[in-house]
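Have a look at the structure below, then the notes.
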Amino acid sequence: QVQLVESGGGLVQAGGSLRLSCAASGRTFSTYVMGWFRQAPGKEREFVAAISGYGGRNSYADSVKGRFTISRSNAKNTVYLQMNSLKPEDTAVYYCAASSRYDQRESLYDYWGQGTQVTVSS
């Protein structure tokens with residue numbers, strides 16, 4: 001069992017930056033692929049980024065590539081999402097999730113945090 005708690009969301013102006021954190025419980029954090037997903041009002045949840053257990057592999061949605069960076073600290077049981085050059089269309093609830101497989105499909109993620117709101121004003 002893995003429990004995930006996100007933090008770092010908030011209100012920011014377009015062009016600004018935020019760093020989201022997701023703290024995980026348990027001693028097997030490094031065995032999990034960690035992902036970030038987001039859900040905007042009235043839209044389905046979508047993949048944002050993923051990182052492999054030891055950080056050697058990562059992937060991004062096209063909409064955030066070059067602006068967002070996913071990273072992790074296995075010593076701290078934490079995954080991060082650095083978000084730069086934020087746009088109003090990045091406004092969403094952001095969720096972190098854990099999976100035993102490297103994949104972008106949310107159905108393959110077994111554990112989810114409660115989400116943190118990110119609002120980007122124009």
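The values are calculated or read from the model by the stated rules, or taken from the named source; none is laboratory data. Note that the structure is a prediction, hence the values are computed from the model and not measured. We place every Cβ from the backbone using ideal geometry, glycine too, and count neighbours over all the protein chains shown. Remember, those area values only see protein heavy atoms, side chains included, never the ligands or the DNA or RNA. Shrake-Rupley method; radii C 1.70, N 1.55, O 1.52, S 1.80 Å.
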With the structure loaded, tell me whether Arg72 is part of a strand (DSSP E or B) and either basic (Lys, Arg) or in contact with a helix residue (DSSP H, G or I) (Cβ under 7 Å, 6 or more places away or on another chain) (or both) or whether it fails that test.
yes
State whether the residues of the stretch 49-56 include one that is among the aliphatic types (A, V, I, L, M), under 17 Å from Ser17 (Cβ atoms), under 11 Å from the mean Cα position of the chain (by Cα) and open to solvent by less than 70 Å² (accessible area, probe 1.4 Å).
yes
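For (1) surrounded by 13 or more Cβ atoms within 10 Å (Cβ to Cβ); (2) in contact with a Gly (Cβ under 6 Å, 6 or more places away or on another chain); (3) within 15 Å of Val64 (Cα to Cα), each residue gets a yes or a no:
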| residue | (1), (2), (3) |
| --- | --- |
| Gln82 | yes, no, yes |
| Glu89 | no, no, yes |
| Ser99 | yes, no, no |
| Ser122 | no, no, no |
Residues that are among the hydroxyl-bearing types (Ser, Thr, Tyr), within 16 Å of Lys87 (Cβ to Cβ) and not in a loop (DSSP other than H, G, I, E, B), drawn from the stretch 38-68
Tyr60
Under 7 Å by Cβ, and 6 or more places apart or on different chains, what pairs join a residue from the stretch 52-77 that is under 10 Å from Ser30 (Cβ atoms) with one that is small (Gly, Ala, Ser) and in a strand (DSSP E or B)?
Gly55/Ser71; Asn77/Ala23; Asn77/Ala24
